[in-house]
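Taking it in order: structure first as structure tokens, then the write-up.
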Amino acid sequence: MIYTWPDAELPKRIAFVSDLHLMSTRSTAESYREQIADVIDRSELVVWGGDLFDFRWSRFRHETDSVAFAINYLCDWMTEYPSKSFAFLCGNHDANAALLCELKAMSEDQSRFHFAGDVMRVGDTVMLHGDQIEGRGTEDRFLRYRNRWAEKKRAAPWRFPGYDAIVVARAHKVAAAIAHRNRMAVRKLSRFLALSDLNRDNGVRRVVFGHTHRIITGLEHNRVLYFNGGAAIRHVRFKPVELENNSS
């Protein structure tokens, strides 16, 4: 399902922030708080692009504490910026059923907060987390991949030291570079979006995504420009994507 922003209310400037992996030990999101605040200040619509929170590697032992942290984080930004609109896209690390239930309820209570699900279109721009590339171009495979993540519980405590060692050794960065080469990721996303006719012929000019943890600043494929803001995790570059609305 595609969440479509009303054409009559198109924002002039959009910020896309994803892959903060808050709650995990590898997250560096707090060191970017001022930068995130700056892009929110310059934008009318802020899209949280998935994997904002990391339920798999959460420092909280109990799911309820992780959900409470996530909701409070989102509400704090809304309180700080009462004139901004916010939208939430799901990622694989925050596809937690309890969280998504709270977000849907929040979208019903807060007119400035929008639960956008998996894919969101704002004028000529499409935004999504990007783990759709794991579905090898089909929706069924993507849903199976996402559901597997949704069913995963918090990792066992004995696994955390090994996880931290991988991050210290920067092996996660090497793995991302091999598995998620930019052009390959863009081609996979293009095939997935074509299933819903989200392409140049149907008015799409830009696609913004996360997931791969690799910055992309306007890579062209099939006459569409692709953008990615990287990730706020150790040893990885991060820069939120900011876009002017070019839709007529």
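The values are calculated or read from the model by the stated rules, or taken from the named source; none is laboratory data. Keep in mind that what you see is a predicted model, and the values were worked out from it rather than measured. Cβ sites come from the backbone with ideal geometry, for glycine too, and all protein chains shown count toward neighbours. SASA here: full protein model, heavy atoms, side chains in, ligands and nucleic acids out. Shrake-Rupley method; radii C 1.70, N 1.55, O 1.52, S 1.80 Å.
Among the residues of the range 103-123, just one is buried (at least 17 other Cβ atoms within 10 Å of the Cβ), of a type in the set (D, E, K, R) and not in a loop (DSSP other than H, G, I, E, B), namely 121. Within the range 210-248, the residues that satisfy the criterion of being touching a residue at least 40 places away in the same chain (Cβ under 8 Å) and of a type in the set (Val, Ile, Thr) are 212, 233, 236, 241. Select from the range 78-102 the residues that are assigned to a loop (DSSP other than H, G, I, E, B) and open to solvent by 40 Å² or more (accessible area, probe 1.4 Å) and list them in ascending order. Within the range 78-102, 82, 83 qualify.
Scoring residue 140 on the criteria (1) over 30 Å from residue 223 (Cα atoms); (2) at pLDDT below 95; (3) acidic (Asp, Glu) leaves a single failure, condition (1). Residues in the range 24-45: is at least one among the charged types (D, E, K, R) and at pLDDT below 95? Within the range 24-45, one or more residues are among the charged types (D, E, K, R) and at pLDDT below 95.
Scanning the range 214-236 for residues that are under 16 Å from residue 49 (Cβ atoms) and either open to solvent by 70 Å² or more (accessible area, probe 1.4 Å) or assigned to a strand (DSSP E or B) (or both) yields 214, 215, 216, 217, 226, 227, 228, 229, 230, 233. Considering 42, 13, the condition of being open to solvent by 10 Å² or more (accessible area, probe 1.4 Å), out of contact with any Ser or Thr (no Cβ under 6 Å at 6 or more places or on another chain) and either under 19 Å from residue 243 (Cβ atoms) or charged (D, E, K, R) (or both) is satisfied by 42 alone. Scanning the range 160-175 for residues that are outside any helix (DSSP H, G or I), at pLDDT below 95 and either open to solvent by less than 50 Å² (accessible area, probe 1.4 Å) or of a type in the set (Ser, Thr, Tyr) (or both) turns up nothing.
When residue 149 is tested against the conditions (1) part of a loop (DSSP other than H, G, I, E, B); (2) at pLDDT below 95; (3) under 20 Å from residue 130 (Cα atoms); (4) not hydroxyl-bearing (Ser, Thr, Tyr), the lone failure is (1).
Restricted to the range 1-77, the set of strands (runs of 3 or more DSSP E) holding at least 1 residues that are touching a helix residue (DSSP H, G or I) at 6+ places or on another chain (Cβ under 9 Å) and of a type outside the set (A, V, I, L, M) comprises 13-17, 45-48.
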